[in-house]
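Chemist: Handing you a structure now.
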Amino acid sequence: MDVSVDISNSGIKREEIERILEQAEIRTPSPEEMPFLRLTEEKKISRLREIAGSLKEKSENLIVVGMGGSSLGIKALREALGKGNGELIILDNVDPTFLSRTLEKIDLKRCSFAFISKSGKTLETVTIMNLLISILKKAGTELKGRTVFIGNRGNAFEEIAKKESCPFITVPEEVGGRFSIFTAVGVFPSLFAGYDVDSLFKGARKAVEEWRLAGKLAAVKFIHYLRGRNISVMMPYSSLLREFTEWYAQLWGESLGKERKGQTPMKAIGTSSQHSVLQLFLDGPDDKIYQLFKIKNYRNDVNLPAKSVILPFLSEKKLSEVIHAEFEGTVAALKERKRPLITFELEEISEETLGYLFMLYMIATVITGKLMKVNPYGQPAVELGKRVATAILEGQRT
Ligand code: PA5
């Protein structure tokens with residue numbers, strides 16, 4: 001595995017980065033400050049592996065129900081790594097049409113279930129869980145042997161798990177939702193899908209070793225934020241990383257968008273977005289910092305025909321040559337327009353590179369919180385909306 005990061009086109013000098021980090025007294029990350037640095041222990045992983053194995057004996061699919069930090073990480077992994085040897089179906093919206101369409105296509109009797117909520121009281125998670133449990137019960141299907149509940153010790157899920165004789169898997173209280181990919185939240189579904197959790201953790205450990213790079217990333221983005229660049233674009237050159245950009249958007253947006261501070265995450269995909277927002281990037285307001293990801297080796301590269309019908313230069317090329325050329329084109333154009341740019345080169349898309357990126361960005365987010373002087377944990381502002389929705393559903397508000 002190899003991920004290299006180039007900040008030489010970010011427009012910020014090394015001395016300035018170092019000065020900012022020094023002034024804010026950014027030191028080696030500690031688990032006290034960043035509880036997500038404590039990766040799930042081997043003993044617990046073995047237990048999770050056993051449970052996942054026993055569920056797989058009965059089912060082909062795992063239906064994962066969870067919101068925000070309880071699903072975005074595993075969605076990113078699923079999209080990047082594919083089906084594995086067990087399929088994940090992730091339900092994270094109470095849109096009636098989406099839910100009924102998805103459920104129509106599934107034989108619930110052939111599924112296992114992971115209900116994931118740290119708090120055990122998230123409206124959408126509980127709604128979907130109620131629905132699924134009632135469908136199963138009507139069909140006379142027991143939850144036992146096909147269901148796990150995942151959350152903080154003592155939450156309401158633990159009680160249900162006990163009642164239904166299902167495993168309750170704990171998530172450390174101190175690890176926040178959007179920082180929980182390396183807890184059971186991400187690990188259990190990964191094991192069911194057959195992803196290589198050891199490699200995921202290997203990548204994460206490497207990012208911890210290279211925490212200074214996360215510091216630089218944080219400092220560059222913070223300096224641009226101070227200069228009015230309050231939009232942070234992430235644009236991987238792979239459709240397989242679209243959900244990773246969603247995970248990043250939550251991490252960056254929910255952690256830093258506080259007290260009128262924050263940098264709006266914007267998601268784009270190479271090459272698709274070249275035909276939608278690239279014009280804006282190049283010729284619109286200079287209010288963005290760009291993070292572009294190049295994938296060096298695409299799995300299943302494709303040889304194009306020996307003779308191209310139109311555009312003769314395409315003859316005998318590989319698909320990867322086309323996407324690489326377009327990546328270089330965008331980099332050159334952004335540079336020419338003097339737009340601040342950070343480029344990542346990923347050897348490939350794998351568990352290890354993803355583990356690295358998840359950890360690198362989580363560390364960078366906490367460091368940026370320190371630079372911006374905001375608490376990266378919690379999301380106090382979203383509570384009001386939740387209270388209103390609850391009051392409406394309780395009939396106390398119309
Ligand atoms: O990052 C967070 O803490 C949130 O996005 C949560 O993950 C999300 O609200 C779901 O919470 P819970 O896991 O308690 O259901």
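The values are calculated or read from the model by the stated rules, or taken from the named source; none is laboratory data. Keep in mind that what you see is a predicted model, and the values were worked out from it rather than measured. Neighbour counts run over all protein chains shown; Cβ positions are idealised from the backbone, glycine included. Surface areas here come from the heavy atoms of the whole protein model, side chains and all, with no ligands, DNA or RNA. Shrake-Rupley method; radii C 1.70, N 1.55, O 1.52, S 1.80 Å.
Chemist: With everything on Cα atoms, drop me the angle between helix 197-209 and the longest principal axis of the chain, reported from 0 to 90° to the nearest 10.
Modeler: Helix 197-209 and the main axis of the chain meet at about 50 degrees.
Chemist: In addition: Taking the mean number of other Cβ atoms within 10 Å as a proxy for protection, how do you rank 284-297, 107-120 from highest to lowest?
Modeler: Details: 284-297: 18.3, 107-120: 21.0.
Descending mean neighbour count gives 107-120, 284-297.
Chemist: When Rg is the radius of gyration of the Cα atoms in the chain and Rh is its Kirkwood radius, what does Rg/Rh come to?
Modeler: Details: Rg = 22.2 Å, Rh = 22.5 Å.
Using only Cα positions, Rg/Rh for the chain is 0.99.
Chemist: Let me ask something else. Per residue, how much accessible area does the chain show when a 1.4 Å probe rolls over the protein heavy atoms, in square angstrom? Please list the in-between numbers first.
Modeler: On the way: 18950 Å² over 398 residues.
That works out to 48 Å² for each residue.
Chemist: Follow-up. Do the sum for the chain: with -39,500 (n - 2.57) for every DSSP H run of n ≥ 4, divided by all residues, what is the mean residue ellipticity at 222 nm, to the nearest 500 deg cm²/dmol? Kindly include the intermediate steps, with their values, before the conclusion.
Modeler: Details: 14 runs with 181 residues, N = 398.
For the chain, the value works out to -14500 deg cm²/dmol.
Chemist: Still on this structure, please answer the following. For helix 319-336, what angle does its Cα long axis make with the longest principal axis of the chain, in degrees from 0 to 90 and rounded to 10?
Modeler: In the chain, helix 319-336 runs at an angle near 60 degrees to the longest axis.
Chemist: Sticking with this one: State the Kirkwood hydrodynamic radius of segment 238-373 in Å, one decimal place, computed from all pairs of distinct Cα atoms. Intermediate values should be presented prior to the final figure.
Modeler: Values: mean 1/r = 0.0594 Å⁻¹.
16.8 Å is the Kirkwood radius here.
Chemist: Could you work out what % of the accessible surface of the chain is carbon and sulfur, using a 1.4 angstrom probe and leaving DNA, RNA and ligands out of the count? All intermediate terms of the calculation are to be shown ahead of the outcome.
Modeler: Numbers: 9660 of 18950 Å².
The value for the chain is 51 percent carbon and sulfur by accessible area.
Chemist: Could you work out how far the C-alpha centroid of segment 171-232 sits from that of segment 51-105, in angstrom?
Modeler: 21 Å
Chemist: Round to the nearest 10 and give me the degree value, 0 to 90, for the angle of helix 211-226's Cα axis relative to the longest principal axis of the chain.
Modeler: 70 degrees
Chemist: Rounded to the nearest Å, what's the spacing between the alpha carbon centres of segment 235-277 and segment 1-43? Just the number, please.
Modeler: So the two Cα centres are separated by 20 Å.
Chemist: When ranked by the protection proxy of mean other Cβ atoms within 10 Å per residue, highest first, what sequence do the peptides 298-311, 228-241 form? Spell out each step's value before the answer.
Modeler: Numbers: 298-311: 9.8, 228-241: 20.5.
Going from most to least packed, we get 228-241, 298-311.
Chemist: Lys and Arg at +1, Asp and Glu at -1: add these up for the other residues within a Cβ distance under 11 Å of SER165 and post the number. Walk me through the intermediate numbers first.
Modeler: Values: positive: LYS144, LYS162, LYS163; negative: GLU142, GLU164.
Cβ neighbours under 11 Å give a net charge of +1.
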